[in-house]
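J.: Dumping the structure here so I can ask a few things about it.
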Amino acid sequence: MDEQDGDAIDMAFSKKKIEARKNWLGKFNSKTHLDQKEKLIKYSDFVNKELILFSMADLQRSIPSMVDGLKPERRKILFCSFKQNFTNEAKVAQFFGYVSGHSAYHHGEQNLAGTIIGMAQDFVGSNNINLLQPNEASEGGFDPKETMARNVCEVQILLFAVAAAFIYIQMRLFGTQSGYADHLVAAVESESYCTSEVWLLIDQISTQHKRIVSLEEKKKSQDQECGQLRALVHDLERNGAQNVVDKLQVRVAAIVVMACNCSDYLERTIESILKYQRSVALKFPLFVSRDGPNENVKHKALSYNQITYMQHLDFGIVQTERLGELIAYYKIASYYKWALDGLFYKHNFTRVIILEDDMEISPDFFRLL
């Protein structure tokens, strides 16, 4: 037993921990249960997983419902009265036997008998609207004042008849609740309608906003195209058609294939590029870069007139920053830097597209660039 167990027991049974018990019951989860397979359980687990179930059941039995003002025990008694249509007098012992057998009542018989007697008390001070009608003591019945002690419940006789007061109260209660329910339904429907209208308006605004953005982008694109066309017309008028054609073929980006030791892979990649590059060859010049002395790869690359071949041989010793790092990564990084420096600074490209030699491009590759 630890401090947590002691706190749980104190919270569950101490008269000073009323507020703590309220919070404890307020956090009740209907899925809470105790694992019955465990041979040993902590006091805190018993309180929080088993005792709380008893406390909730006790509250449900002890607090009348807000709907009809009845506790479950009294509601079961009324149910059995309606079901059996009791209109004649009967002994309490007979009736509570019927109730316990037809309403899933599984508590003490004395409690049930006392509740039946209590539902028939109509004397001043009983603070009760009797839903069952007591027989007169002069007719062999019972004295209601005596029944408060509940000493002779089994020999008392009650005449079971549903009081008109109960029907009246129920009619008034359900009438009022029906009115409240109608108002609530109307309010919910109104709120739902307003919510749907707001969402519809939001969707319309969002659609219009998307259309506006799309039109603005389209207008911007058209303005750019018009500007380009005006510039082309101006150049055509001033310098002639040949200069315009030359400007249309201005270089856009370099396509560089980083080759490895397999000439077949390189050939497949080059053929894939040349298949779609011929119409834009001046815009996208093709380069092959190699960081080793493989002659087959070199001959394969030089067999294409459209290709500029680049080779970088680096046999220097690499100094790693930390012990255990792979030298290959430094070699690759150095090789890529050499190739990109050559394209950016020697060939004066502003954009470079890097491809591996085991890749094939899609038909729209150059269009997307």
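J.: Just a yes or no: is a residue in the range 342-357 touching a helix residue (DSSP H, G or I) at 6+ places or on another chain (Cβ under 9 Å), under 18 Å from Ser263 (Cβ atoms) and surrounded by fewer than 14 Cβ atoms within 10 Å (Cβ to Cβ)?
T.: For the range 342-357, residues touching a helix residue (DSSP H, G or I) at 6+ places or on another chain (Cβ under 9 Å), under 18 Å from Ser263 (Cβ atoms) and surrounded by fewer than 14 Cβ atoms within 10 Å (Cβ to Cβ): present.
Results for (1) among the hydroxyl-bearing types (Ser, Thr, Tyr); (2) at positive phi; (3) part of a helix (DSSP H, G or I); (4) in contact (Cβ under 8 Å) with a residue 40 or more places away in the chain, shown as yes or no for each residue.
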position: Tyr276; (1), (2), (3), (4): yes, no, yes, yes
position: Tyr304; (1), (2), (3), (4): yes, no, no, no
position: Leu313; (1), (2), (3), (4): no, no, no, no
position: Ile317; (1), (2), (3), (4): no, no, no, no
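J.: Tell me whether the range 313-321 contains one or more residues that are surrounded by 15 or more Cβ atoms within 10 Å (Cβ to Cβ) and of a type in the set (A, V, I, L, M, F, W, C).
T.: no
J.: A further question on this structure: Starting from the range 184-209, keep only residues that are in a helix (DSSP H, G or I), then list their pairs with residues that are surrounded by 10 or more Cβ atoms within 10 Å (Cβ to Cβ) whose Cβ atoms are within a distance under 7 Å, requiring at least 6 positions of separation or different chains.
T.: none
J.: So for the range 83-101 (the condition being closer than 30 Å to Ala181 by Cα and touching a residue at least 40 places away in the same chain (Cβ under 8 Å)), does at least one residue qualify?
T.: Within the range 83-101, none of the residues are closer than 30 Å to Ala181 by Cα and touching a residue at least 40 places away in the same chain (Cβ under 8 Å).
J.: Here are Val252, Val244, Val256: which of them is over 20 Å from Ala301 (Cβ atoms), surrounded by 14 or more Cβ atoms within 10 Å (Cβ to Cβ), within 51 Å of the chain's Cα centre (by Cα) and modelled with pLDDT under 90?
T.: That would be Val252, the only listed residue that is over 20 Å from Ala301 (Cβ atoms), surrounded by 14 or more Cβ atoms within 10 Å (Cβ to Cβ), within 51 Å of the chain's Cα centre (by Cα) and modelled with pLDDT under 90.
J.: Also: If a residue counts only when it is of a type in the set (A, V, I, L, M) and modelled with pLDDT of 75 or more, which helices (runs of 4 or more DSSP H) contained entirely in the range 66-177 have at least 1 such residues?
T.: So the answer is 72-84, 92-102, 109-118.
J.: Can you confirm whether the range 193-203 contains a residue that is within 30 Å of Ile361 (Cα to Cα), at pLDDT 85 or above and surrounded by 10 or more Cβ atoms within 10 Å (Cβ to Cβ)?
T.: Looking through the range 193-203, none of the residues is within 30 Å of Ile361 (Cα to Cα), at pLDDT 85 or above and surrounded by 10 or more Cβ atoms within 10 Å (Cβ to Cβ).
J.: Can you confirm whether the range 8-20 contains a residue that is modelled with pLDDT under 80 and closer than 30 Å to Gly118 by Cα?
T.: No, that holds for no residue.
The values are calculated or read from the model by the stated rules, or taken from the named source; none is laboratory data. This is a predicted model, so every value here is computed, not measured. As a convention, Cβ positions derive from the backbone with ideal geometry for all residues, glycine included, and neighbour counts pool all protein chains shown.
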